[in-house]
There are 2 protein chains.
Amino acid sequence: MAAAENPQPKRDTYRHGDLRNALIEAALELARQGGPEAVVLRAATRQAGVVPNAAYRHFADRDALLHAVSQAAMAQVARTMEAEQAAVSPTEDPVAGARARFRAVGTGYLRYAQEEPGLFRAAFHVPGDMSHAADDTAAGATGKTPFELLGEALDGLVDAGLLAEDRRPGAEFLAWSAVHGLAVLLIDGPLRGLHPTQAHDAGQHVIDMIERGI
Amino acid sequence: MAAAENPQPKRDTYRHGDLRNALIEAALELARQGGPEAVVLRAATRQAGVVPNAAYRHFADRDALLHAVSQAAMAQVARTMEAEQAAVSPTEDPVAGARARFRAVGTGYLRYAQEEPGLFRAAFHVPGDMSHAADDTAAGATGKTPFELLGEALDGLVDAGLLAEDRRPGAEFLAWSAVHGLAVLLIDGPLRGLHPTQAHDAGQHVIDMIERGI
DNA sequence: CCGCCCTTGTGTACAATGTCCACATTCGCA
DNA sequence: TGCGAATGTGGACATTGTACACAAGGGCGG
């Protein structure tokens, strides 16, 4: 066989055709195994079968590439949340439904953090400015970002009478704090390596606390 | 004047005398402004007035130095917690006292995160393994780590009858999750740049949630 | 259909960084 | 007093991000 063909087979056309996405794809794979710090520009270009500097035609610098990865990962978080919501049995009464859809938001978030820790960390890796959490590039299939999904779920709780209206403002930050904190504990805190089942239980406990204390 | 004397004045003795601590000190300063990724080995040795390789006589590699920084920062977290606890007016009745000492743990944690974001991030920067959070190098003035302080405060809540005994197990992770999550939101999440007063309020809200939901 | 130009990819180069190896200096103990 | 272990030095190397000038060629105006 030919020499190590890890790098993409040499392309014949001078133009790559879809370099930007190829770089994002490669960077995503790097982030998947190794987190944000594993996203190295030269490795991505290597994988795309292109010289390092070619990346600069599509990204201002490494941070820009990392930002694209972050947005993509955030979108995957949203999709995981949506999937979790879609999985709740649809035959329940409205108030139970609202509650289940709220919990699904947190459960999906935590599930993604455990299934893709590298990408999760990349999603929330902050290169100085993370005010883009609401960009549409961070949206899932329904076009909503994780934060929007959380907000809607909270609105659902209010509509169902499960949350007093005067408690609604700022509630996303209470919920987000608790769930994100647990995610960090599970990924690389003292709870790392917890058995998935136990981790799931811990997640449910935290969500219990949120429902009670919000 | 002589050329830029930013680097430590040349020492006359061949031995430095206290290089290990000098490196940690320098690295702490680097982390203070710029977080863990700003801790660069060569910069630290430069500051200590020593050749880069000298560091390897005291630290296996950059990660080892970073670990020392992390432990030192963790200890500062503990001290901030202790200071906050010491500040609660001591004339209150026992149950109010237990409650105040519990809240002080979270308040101190959040205060440190805001006052020293770089060091805070360094404290929880995980180089693959963070099971050292209970090492005595991470302890504060009373010789207790942040987690131990939290645990004691929770025990205090139980003793005071503010927390049912069957809710005690695992409670540290609920509390830690919520507070740490908020810290992250405040440092480099969507809540970054919040006015200190508002940030403090947000912290109290989160602690309210914990008390209610734990 | 042709030629030009703007976009995209290439080559070369440089400064920084972490880390390795061999060597120099010195402290402290036998 | 002398010798070995600890500590600091010098030089070297691979890897990384990034700048600058150049090449290739696709698409549009004429």
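The values are calculated or read from the model by the stated rules, or taken from the named source; none is laboratory data. No experiment lies behind these values; they were computed from the predicted model shown. FYI the Cβ positions are ideal-geometry reconstructions off the backbone, even for glycines, and counts take in every protein chain you see. What goes into the accessible areas is simple: the full protein's heavy atoms, side chains included, and nothing from ligands, DNA or RNA. Shrake-Rupley method; radii C 1.70, N 1.55, O 1.52, S 1.80 Å.
Relative to the Cα centre, the charge distribution of the protein assembly as shown, modelled as +1 at Lys and Arg Cβ and -1 at Asp and Glu Cβ, gives a dipole magnitude of about 1560 debye. Rounded to the nearest whole Hz, the Karplus-based 3J(HN,Hα) values (6.51 cos²θ - 1.76 cosθ + 1.60, θ = phi - 60°) of segment A:163-178 follow the sequence 9, 5, 4, 6, 9, 5, x, x, 4, 4, 6, 5, 5, 4, 3, 5, with x at glycine and proline. Within the full protein context, the accessible area of B:Thr13 is estimated at about 80 Å² for a probe radius of 1.4 Å. For segment B:62-213, which whole-number percentage of the solvent-accessible area (1.4 Å probe, protein heavy atoms only) is attributable to carbon and sulfur atoms? On segment B:62-213, the fraction of accessible area on carbon and sulfur atoms equals 53 percent. Relative contact order for segment B:62-213: 28 percent, from Cα pairs under 8 Å spaced at least 6 residues apart, divided by residue count.
Sparse packing (at most 16 other Cβ atoms within 10 Å of the Cβ) combined with a DSSP loop state is found for none of the chymotrypsin sites (Phe, Trp or Tyr not before Pro) in segment A:134-214.
Hey, what's the Cα Rg ratio for chain A versus the globular rule of thumb, 2.2 N^0.38 Å?
Cα Rg divided by the expected 2.2 N^0.38 Å: 1.17.
For the peptide B:204-213, the mean number of other protein chain Cβ atoms found within 10 angstrom of a residue's Cβ is 5. Using the 1.4 Å probe convention, the accessible area of segment B:62-213 works out to 42 Å² per residue with neighbouring protein chains retained. Seen against the Cα atoms of chain B and their longest principal axis, helix B:19-32 is set at about 60 degrees.
Applying 1/(1 + (r/R0)^6) with R0 = 41 Å to the Cβ-Cβ distance of A:Asp18 and B:Glu115 gives a FRET efficiency near 0.30. Annotation: peptides A:51-60, A:153-162, ranked by per-residue average of other Cβ atoms within 10 Å with the highest first, follow the order A:153-162, A:51-60.
For the pair A:Arg46 and B:Ala60, label points projected 7 Å from Cα toward Cβ lie 2.5 nm apart. Buried accessible surface for the B/A chain pair comes to about 2300 Å², total over both chains, computed with a 1.4 Å probe. Shown for A:Gln204: label points 7 Å from Cα along the beta-carbon vector, and their distances to the equivalent points in the other copies, 3.6 nm in ascending order.
Peptide B:184-193 shows a mean partner chain C-beta count of 5 within 10 Å per residue C-beta. In this assembly of identical copies, the label point of A:Asp135 (Cα plus 7 Å along Cα-to-Cβ) is separated from its counterparts by 3.7 nm, sorted shortest first.
For helix A:62-86, what angle does its Cα long axis make with the longest principal axis of chain A, in degrees from 0 to 90 and rounded to 10? It works out to around 40 degrees. Taking a point 7 angstrom from the Cα of A:Ala87 along the C-beta vector, which residues in segment A:95-115 have backbone N less than 19 Å away? Under 19 Å, as judged by backbone N against the label point of A:Ala87, lie A:97-115 of segment A:95-115.
Summary of packing: across the peptides B:62-73, B:192-203, the per-residue average of other C-beta atoms within 10 Å ranks them, highest first, as B:62-73, B:192-203. Relative to the other identical copies, A:Pro94 shows label-point distances of 5.0 nm, where the label point lies 7 Å from Cα along the Cβ direction and values run shortest first. On C-alpha positions alone, give me the angle between the axis of helix A:196-213 and the longest principal axis of chain A, in degrees, nearest 10. Between helix and principal axis, roughly 50 degrees.
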